[in-house]
Every structure is written in C-alpha cells, then in structure tokens.
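A short worksheet on the structure shown next.
The values are calculated or read from the model by the stated rules, or taken from the named source; none is laboratory data. Source: prediction; values computed, not measured. Note that each Cβ is placed from the backbone with ideal geometry, even for glycine, and that neighbours are counted across all protein chains shown.
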Ligand SMILES: NC(=O)C1=CN([C@@H]2O[C@H](COP(=O)(O)OP(=O)(O)OC[C@H]3O[C@@H](n4cnc5c(N)ncnc54)[C@H](O)[C@@H]3O)[C@@H](O)[C@H]2O)C=CC1
C-alpha cells in the first residue's frame, strides 16, 4: 500500500470515507472479523501479537476507526489521537513494516462489505487516508522510541483488598514511568499474556516512583480477577505508556468539581493528591457515589485529608441509603446539591454515570469545555472486560 507523508486527510477523501463507513456500519463486526482473518492468513506469525480471544481487540479496532472518522475535520485532534495510538501500539510489538499489510487488509475487508457502493474513488480515498494515518502513527512511534521503552516492566510491591472484590495494587516500575495525575495506562499480567486492560493511576507522581491502581474484579474479567484474587507482592506486570487528557491545572483560580463512582475514584484521587502536593488555592468539591457500601472503600482517606486542608469537601452518597443527609445515584445528588457555575468538572466512574452526570451538569449551565472525563469507552473498558459498551462517539485505546 502506498504510504503518504501528508499529515492531514484530504477533504474529499473524508467525505468518501464517512459515507463508506455509514454503509458498512450495520456489518461492522463482520468487517473487523474479516480484517483479522485476512491479516492472520497472510502473516500467520502476527497472530502471536494478539490475545487468545479477539472480541475486545475487534471492538478496539472499530472504536479507533469511529474515533478517527469523527475527527476527520479536526486535524489537531486527529493528529493527537493517531500519535497516541502509534506510541501505544509499541507495547504490542507493532513495527513500521506491519502498517502496509494492515492497510491492505483493512481496505479489502471494507470492500467486501460495501457491496456495490465500493468503487475506485472510495478505494483511493481509504488508501490515501490510511497512508496518512499510518505515517502519523509511525512517526509518533519512532519519536517515542528515542526516549521511552515500548512498555515498562514493574513489580507489585503491595497488594491489599479494600473489599472482597476490590484490590489496591501498588507497583514499582523498573525505570521511571512518566505520567500526570488523572491519566490511565494499560496493564498486562503474567497470567494473561497479550491481554491489556486500562486502569487509571490512583496516585500523583511521587519521588519513590510508585504507582497505585484500584481494581474491581468483574464476572469473567480475566485481568481484573487475576489482579484482585491472584496477584501478590513480587509478581511482575507490564505497563503501557500513560494516556488520557483528564489532568488538572493546579494554578487555575476557579473551583473544581469531582464526581467519582466506585473505583472511578482512582484518577480523581490522584488529582486531589496532586493539588495537595502543590498547595492549591482551588476549592475541590468531591462527590463520591457507590451502589454498595464497599464501593466507598476510599472514603476514609479522603475524609482524613479533608479534615487537614480547608480546600477539600467530600460528599459520599449511596444509591439506596442516606449518608450524611445525602442519598441517591451520584448524578442525581450532583444535580440536587449543584456545582458552582464557574467550576471545572472531572467525572469518572461507570460509563452511564459519566454520561448522566455530564448531562446534569450541562443542564445546570456548565459548558462542554468545563466538563472533563476519559473517553467513554477507553478507560472504562478497564473493567468491562466482557460486556464491551456500544461504540457511541467512543474510542478505545489500543
Ligand atoms: N479502576 C479504575 O482505574 C477506573 C475505573 N473506572 C470505571 O468505574 C466504574 C466503577 O464501577 P463500580 O465500582 O462498580 O461502581 P458502582 O456500581 O458502585 O457505581 C458507582 C456510582 O455510579 C452510579 N451509577 C451506576 N450506574 C449508573 C447509571 N446507569 N446511571 C447513572 N449513574 C450510575 C451509581 O449511582 C453510583 O453512585 C467501572 O465502570 C470502571 O470501569 C473508571 C475510571 C478508572
């Protein structure tokens, strides 16, 4: 496949691609299955780069395509996303020479499910666009390789159960792992090679270089079950590069609203820690909801911190119980106790909670630019290892 160094996708090509993706959308699962079948037929050895079960992988490809097509008219966003994707693919041992074959298989799979709407113009548009996208991914991966390893090996240094199904796992990477509070990363465990799952880092960067993760085991969740029930100090895992744009500016003057649901607390806890570290003047109102009491496993630490500093207020809520005068689902609670109109809001928890809270905040008058959360599939696919959410306006890292 022809490779194109252009760092943008032509306007006309974008129209052809959008139209074609709408045509194949009802058969999207077949397109991705066919794509991988072609890829492994042509280069069987590439099968070893992927996990034994391909369902999550197929969804990730689809989400990535949807995200790319959604950003076709926004060159900086597209560039940023593709760069991140290129860097992230280093952890799968993907190298530049794989990209041409991937492009050929993708175009062949699209052609097969496009029926009579497929023609030379559509093929040329996909080929050029893929060449440009691959060029950006390869460039970002090469650049990253100058300073970073493809992944970070790390040792588990502590493991404790915060509840029957929740573990707080702390690891020490062998070499420094650069990240910002609020970001997430993908983890690979020794029990499930090639199966990477996203978790947010639950602490701010610290001089010891330790990273903590909050993991809830979900039914049939391979990685989460291994991390909660099998992992112990001394075990070794791998981490992909840090990703995500949900970071907080500790110098801004306006208040911060955090809405956490269950283990979605992790990135918000890291952000609060970072604000504490820099001695912020920002007022932080943290709503923390869970469906069951065990989901409030992080409450004690937060309350302790809120007693020490004047800028943090923590308001827990349980779905069916009144706690400190508050009860109900966390998005309703936020709606009722209302944020300040000039705040920056950070949301993290189950996808439905994030979307619901965002809707509530919009209704209360916050702009889109004031509301921050990870991509609605991306980080949350973390624990949704089996039921992958429907790809609405979504991306999945990897
Ligand atoms: N472990 C991690 O690093 C991270 C985890 N997450 C995600 O956070 C979620 C945590 O789940 P659990 O601990 O089981 O939380 P949970 O089931 O205890 O729910 C937490 C809160 O979300 C609200 N909620 C749940 N479903 C809702 C819905 N359909 N509409 C509106 N609100 C809803 C509940 O009212 C509750 O207040 C998982 O989806 C996980 O993938 C997100 C970011 C990081």
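Can you tell me which of 162, 121, 133, 153 is touching a helix residue (DSSP H, G or I) at 6+ places or on another chain (Cβ under 9 Å), outside any helix (DSSP H, G or I) and in contact (Cβ under 8 Å) with a residue 24 or more places away in the chain?
Exactly one of 162, 121, 133, 153 is touching a helix residue (DSSP H, G or I) at 6+ places or on another chain (Cβ under 9 Å), outside any helix (DSSP H, G or I) and in contact (Cβ under 8 Å) with a residue 24 or more places away in the chain, namely 162.
Out of all the residues in the range 350-371, which are surrounded by 19 or more Cβ atoms within 10 Å (Cβ to Cβ) and more than 9 Å from the ligand (Cβ to nearest atom)?
Of everything in the range 350-371, those that are surrounded by 19 or more Cβ atoms within 10 Å (Cβ to Cβ) and more than 9 Å from the ligand (Cβ to nearest atom) turn out to be 358, 360, 361, 366, 371.
For residue 257, state whether it is modelled with pLDDT of 95 or more, under 15 Å from residue 306 (Cα atoms) and in a strand (DSSP E or B).
Yes, satisfied.
Sort through 60, 43, 47 and tell me the only one that's crowded, with 19+ Cβ neighbours inside 10 Å and either touching a residue at least 40 places away in the same chain (Cβ under 8 Å) or in contact with a helix residue (DSSP H, G or I) (Cβ under 9 Å, 6 or more places away or on another chain) (or both).
Going through 60, 43, 47 in turn, just one is crowded, with 19+ Cβ neighbours inside 10 Å and either touching a residue at least 40 places away in the same chain (Cβ under 8 Å) or in contact with a helix residue (DSSP H, G or I) (Cβ under 9 Å, 6 or more places away or on another chain) (or both): 60.
Output the residue which, of all residues in the range 178-202 that are within 13 Å of residue 242 (Cα to Cα) and surrounded by fewer than 20 Cβ atoms within 10 Å (Cβ to Cβ), is farthest from the ligand (Cβ to nearest atom).
178
Out of the residues in the range 215-245 that are more than 16 Å from the ligand (Cβ to nearest atom), outside any loop (DSSP other than H, G, I, E, B) and touching a strand residue (DSSP E or B) at 6+ places or on another chain (Cβ under 8 Å), which is nearest to residue 88 (Cα to Cα)?
238
Does residue 167 meet the test of being in contact with a helix residue (DSSP H, G or I) (Cβ under 8 Å, 6 or more places away or on another chain), in a helix (DSSP H, G or I) and at pLDDT 95 or above?
Criteria not met by residue 167.
Looking only at the range 232-245, which residues are more than 17 Å from the chain's Cα centre (by Cα) and either closer than 19 Å to residue 277 by Cβ or surrounded by fewer than 21 Cβ atoms within 10 Å (Cβ to Cβ) (or both)?
Scanning the range 232-245 gives 232, 233, 234, 235, 236.
Condition check ((1) assigned by TED's automatic domain parsing to the domain that holds residue 212; (2) within 8 Å of the ligand (Cβ to nearest atom); (3) over 22 Å from residue 170 (Cβ atoms); (4) crowded, with 22+ Cβ neighbours inside 10 Å) across all residues:
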| position | (1), (2), (3), (4) |
| --- | --- |
| 247 | no, no, no, no |
| 250 | no, no, yes, no |
| 263 | no, yes, no, yes |
| 280 | no, no, yes, no |
| 291 | no, yes, yes, no |
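Go through the residues of the range 311-327 one by one and say whether even a single one is within 11 Å of the ligand (Cβ to nearest atom), farther than 30 Å from residue 195 by Cα, touching a helix residue (DSSP H, G or I) at 6+ places or on another chain (Cβ under 6 Å) and modelled with pLDDT of 85 or more.
Taking every residue of the range 311-327 in turn, at least one turns out to be within 11 Å of the ligand (Cβ to nearest atom), farther than 30 Å from residue 195 by Cα, touching a helix residue (DSSP H, G or I) at 6+ places or on another chain (Cβ under 6 Å) and modelled with pLDDT of 85 or more.
Looking only at the range 331-349, which residues are more than 9 Å from the ligand (Cβ to nearest atom) and within 25 Å of residue 59 (Cα to Cα)?
Let us first name the residues in the range 331-349 that are more than 9 Å from the ligand (Cβ to nearest atom), namely 334-347.
Across the range 331-349, the qualifying residue is only 347.
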